[in-house]
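Working notes, structure below.
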Amino acid sequence: MTFAFIAGHRHIWPVSWICDALSVSRSGFHAWIRRPISDRAAHDAKLVQAIDKSFKASDRTYGARRVWRDVLEDGLACGVHRVERPMRINALRARPKRRGKPKDDGERSVIADNILDRDFAADRPNQK
């Protein structure tokens, strides 16, 4: 995280200043820059591409478990949590499919006759 900050800001300030301020060695930073990408990071990059492909193919409705099954079918071995983390980091949230409105068959219910005609006064109970 520290080296990533230095890499992002080395065009603004000299690397030696940032390294001194963060109490890290310059040689450690330059070794980090030259270090090849790790196997896990390379696998995560492939995984993110497969997750994105599956998620978009499902019209953004698949959650982590369904995407995980698609990734397994593509031949990438991983667990469910290994799919959940990149989905959360890349903001890939499943949204439910919208349900349609009920169909209108054109029939309308019968409207009852206006018996009271706004005359609410009754002589005895249960007369209206």
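For the stretch 1-27, what are the residues that are in contact with a Cys (Cβ under 8 Å, 6 or more places away or on another chain) and of a type outside the set (S, T, Y)?
Once the filter is applied, which keeps residues that are in contact with a Cys (Cβ under 8 Å, 6 or more places away or on another chain) and of a type outside the set (S, T, Y), the stretch 1-27 yields I6, R26.
Determine, yes or no, whether S27 is touching a residue at least 12 places away in the same chain (Cβ under 8 Å) and either polar (S, T, N, Q) or assigned by TED's automatic domain parsing to the domain that holds G8 (or both).
Here the answer is no, as S27 does not meet what is asked.
With the condition being under 17 Å from the mean Cα position of the chain (by Cα) and of a type in the set (A, V, I, L, M), I'd like the helices (runs of 4 or more DSSP H) fully within the stretch 1-63 carrying at least 3 qualifying residues.
Answer list for the stretch 1-63: 39-57.
Of all residues in the stretch 81-128, how many are closer than 22 Å to K46 by Cβ, aliphatic (A, V, I, L, M) and either in a loop (DSSP other than H, G, I, E, B) or touching a His at 6+ places or on another chain (Cβ under 7 Å) (or both)?
3
The values are calculated or read from the model by the stated rules, or taken from the named source; none is laboratory data. Because the structure is a prediction, the values reported are computed rather than measured. All Cβ positions, glycine included, derive from the backbone under ideal geometry; neighbour counts span all protein chains shown.
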